[in-house]
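Here the structure is laid out as structure tokens; the discussion comes afterwards.
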Amino acid sequence: MNYIRFDGHKVSAMSLGTVQLGLDYGIANSEGKPDRAKSFSILSAAIDGGVTALDTARAYGDSESVIGAFLKTRPELIEKLFITTKLSSGLPAGSSAADAEKALEQSLETSLSNLGLRKINCLLLHNAADMANPGAVSALRRFVKAGLADMAGVSVYHPDEADLMLTDDIYSAIQLPCNIFDLRFLKTGVLKRLQEHRIKIFIRSVFFQGLLFLDPEQINDPDLLKYAAPGLKTLRLLCEKAGVSIGQFALDFLRSLPGVTSLVLGADNPEQVKENTAYFKSPSFQSPAPGIPALETPFAGEKIYTEAEAAFAEVDYAGIMSVLSRPKKKHGTLRQLQKL
């Protein structure tokens, strides 16, 4: 496992996403929400695999409480782990600053209680719209100053939200969706701007809800045939050329991008955790970009990544999302996704 060290923290290249511990979540999840014993096994497998970063949120059911209960059994881990949680004011646009600040304060108190912690390492606004309320900004400043959070940031969906975040220096971390078919944050230059501002970048949706593993020859949905099949065929050719699996290729492509701190991967069982951590044990090379730590990749250089960026630049992200956002069907391609 590779690590990035900053401000006394040791953050693993893989973060364990824990929404599955608190909710019946994910089109790839056929097992349902794990019980407490299985949840503890998932967390233990991640830590045994070298993971030091856990990602959760107030909105993830009882995920925070599960982690808190686990830490009570392993209190020695508290100082070793880098824990991120996300808060939302839950208020509509136009709410008063005082109401937003109070709502976030109450949410943080609940998170600290759930997790059994005195502070949060990385505290993110779960709803980027909260950035528009001065009360939210004031609350984050107060939390960091009081030592209730080491750093503050935002979870975003769109590049313009990331650019808005850069207008205030309270934000030093971001979580955003990115994968080889969703290069919006790369093509718009947002990743570069985040790197220039020394923002810690956590990437989710690395497998695009399991879409990347679909066999293009088995797709029968006409929209996915149009929007995704050409890219999936190219992906398989590039993986064959590089001599790696689709999962390894997808992860290493993201880890080649500028300034990436950690990739957030969830798991439904301990076996999946072990599969995911195995991706992070490939040989390393030094990125030529100044200030960027050594990255791990199975490839001898960067040519394959340049090819990939060019090959997937025209993938229709919006078209694919129009399919993935449909109510899930129990047949055809979407059922294949559910089984991944």
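The values are calculated or read from the model by the stated rules, or taken from the named source; none is laboratory data. This one's a predicted model, so the numbers in the text were calculated from it and none came from an experiment. Every residue, glycine as well, gets a Cβ built from its backbone with ideal geometry; the counts of neighbours run over all protein chains shown. Just the protein is used for accessible areas: all its heavy atoms, side chains included, with ligands, DNA and RNA removed. Shrake-Rupley method; radii C 1.70, N 1.55, O 1.52, S 1.80 Å.
For the reader, a short list of remarks on this structure follows.
- If you sort Leu91, Leu224 by accessible surface, 1.4 Å probe, largest first, the order is Leu91, Leu224.
- Between the exposed loop cleavage positions of the chain, defined as GluC sites (Glu not before Pro) in a non-H, G, I, E, B DSSP state with at most 16 neighbouring beta-carbon atoms within 10 angstrom, the longest gap is 80-301.
- Note on the chain: antiparallel DSSP beta bridges, both residues inside, total approximately 20 percent of the bridges counted.
- The calculated 222 nm mean residue ellipticity attributable to helices in the chain amounts to -12000 deg cm²/dmol, summing -39500 (n - 2.57) over DSSP H runs of n ≥ 4 and dividing by all residues.
- Options Ile180, Ala318, Gly22, ranked by Cα towards positive dipole end of the chain, top entry (Cβ charges): Gly22
- Reach of Lys241 by Cα under 25 Å, taken over lysines that are not fewer than 8 positions away in the same chain: Lys187, Lys226, Lys233, Lys281, Lys303
- Accessible area of the chain belonging to carbon and sulfur atoms, whole % at 1.4 Å probe: 52
- In region 79-163, the chymotrypsin sites (Phe, Trp or Tyr not before Pro) that fall in loop regions by DSSP, at most 15 other Cβ within 10 Å: Tyr157
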